[in-house]
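The values are calculated or read from the model by the stated rules, or taken from the named source; none is laboratory data. Source: prediction; values computed, not measured. Neighbour counts are summed over all protein chains in view; Cβ atoms, including those assigned to glycine, are modelled from backbone coordinates with ideal geometry. Protein only, heavy atoms only, side chains kept; ligands, DNA and RNA dropped before computing areas. Shrake-Rupley method; radii C 1.70, N 1.55, O 1.52, S 1.80 Å.
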Amino acid sequence: MYGVVVPTYNEADNIKVLIREIRERVKDVVVIVVDDNSEDNTAEIAKQMGAVVFVRTNERGLGSALRFGLRKAVEMGMSHIATMDADLSHDPSFLPSMFNVSLNADLVIGSRYIQGGKIENWPLKRKIISKGANLITRILLRSSVHDNTSGYRVYSAKAVEVVSSCQNAGGYEFQICAIYKVLRNNLRIVEVPIVFRDREKGNSKLDNGKMLRWLSYVMKLSLGLTS
Ligand SMILES: Nc1nc2c(ncn2[C@@H]2O[C@H](COP(=O)(O)OP(=O)(O)O)[C@@H](O)[C@H]2O)c(=O)[nH]1
Ligand SMILES: [Mg+2]
């Protein structure tokens, strides 16, 4: 059974279209929305669209929401679980081929930085931050992956088990921790090209504080000071 985990915070302008497009592309898919108590009705809209919705009131953060959703998906019996952003940056038309590749891999990464991959409409500043974050990850953690920060992925149930140990990666750093754990456990990662589009509606939740926390985490992980 295929699942798609979508972490949300104030994505009312995007979630309806996203869920509809996922359903159009993948048959028998369960969409799991992990919403951190959005003020804009995101959770209610997702429920109306038939998603399984968890509203968290006592915890926040992209990484902890992903971990929570992935665990729930495995508990519900899913063997292949995609994660994707709610803001339509991750085009659901790539999902069928990513699920297909996941039949022979523990982690499939929708990659902007391999041949055929692309970023559309992102401001130069975001491109530099993303490229820099990937350079840092490849050097400090000796990651062979080209797009370590992509949130468009498919995990096997085995990979979910391995990344559940990323307890100290509550925010954007979860993406890095997950790749690190999967590589260390000798599981198979495959990157497939995706075209990433900047969001048209709603706001990015990435800010300077989150970037600093990300950097501090990656440095600690490389020195063996955190897990
Ligand atoms: N549940 C939850 N989702 C979050 C949180 N922060 C960001 N997200 C979601 O994670 C996805 C990526 O966030 P986004 O703001 O688009 O980041 P960006 O693409 O790096 O600018 C979106 O679906 C957001 O709604 C959070 O604290 N909790
Ligand atoms: Mg985004």
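Restricting attention to region 56-92, the residues that are in contact with a helix residue (DSSP H, G or I) (Cβ under 6 Å, 6 or more places away or on another chain) and not aliphatic (A, V, I, L, M) total 5. Please go through region 25-39 and give me each residue that is modelled with pLDDT of 95 or more, farther than 16 Å from residue 84 by Cα and open to solvent by 50 Å² or more (accessible area, probe 1.4 Å), ordered by number. Within region 25-39, 37, 39 meet the criteria. Assess whether residue 42 counts as being of a type in the set (S, T, N, Q), buried (at least 24 other Cβ atoms within 10 Å of the Cβ) and closer than 16 Å to residue 156 by Cα. Answer is no for this residue.
Looking at this structure, is residue 171 within 30 Å of residue 15 (Cα to Cα) and either open to solvent by 70 Å² or more (accessible area, probe 1.4 Å) or within 16 Å of ligand 2 (Cβ to nearest atom) (or both)? Steps first, please.
Values: within 30 Å of residue 15 (Cα to Cα): yes; either open to solvent by 70 Å² or more (accessible area, probe 1.4 Å) or within 16 Å of ligand 2 (Cβ to nearest atom) (or both): yes.
Yes: the conditions hold for residue 171.
Of the residues making up region 1-41, those that are polar (S, T, N, Q) and farther than 23 Å from residue 109 by Cα are 10, 37, 38, 41.
Residue by residue, here is whether (1) away from ligand 1 (no atom under 14 Å from the Cβ); (2) under 27 Å from residue 97 (Cβ atoms); (3) charged (D, E, K, R) holds:
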residue	(1), (2), (3)
136	yes, no, no
145	yes, yes, no
152	no, yes, no
161	yes, yes, yes
191	yes, yes, yes
206	no, no, no
215	yes, no, no
222	yes, no, no
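Within the set 39, 11, 21, the sole residue that is part of a helix (DSSP H, G or I) and either acidic (Asp, Glu) or in contact with a Leu (Cβ under 9 Å, 6 or more places away or on another chain) (or both) turns out to be 21. Each residue in region 163-199 was checked for being in a helix (DSSP H, G or I) and either touching a Gly at 6+ places or on another chain (Cβ under 9 Å) or hydroxyl-bearing (Ser, Thr, Tyr) (or both), and 5 of them qualify.
Scanning region 176-193 for residues that are open to solvent by 10 Å² or more (accessible area, probe 1.4 Å), within 16 Å of residue 106 (Cα to Cα) and in contact (Cβ under 8 Å) with a residue 12 or more places away in the chain yields 180, 181, 183, 185, 187, 188, 189, 190, 191, 192. Considering 46, 105, 86, the condition of being touching a Ser or Thr at 6+ places or on another chain (Cβ under 8 Å) and within 16 Å of ligand 2 (Cβ to nearest atom) is satisfied by 86 alone.
Output the residues belonging to region 194-209 that are open to solvent by 30 Å² or more (accessible area, probe 1.4 Å) and either more than 16 Å from ligand 2 (Cβ to nearest atom) or of a type in the set (A, V, I, L, M, F, W, C) (or both). Across region 194-209, the qualifying residues are 195, 206, 208, 209.
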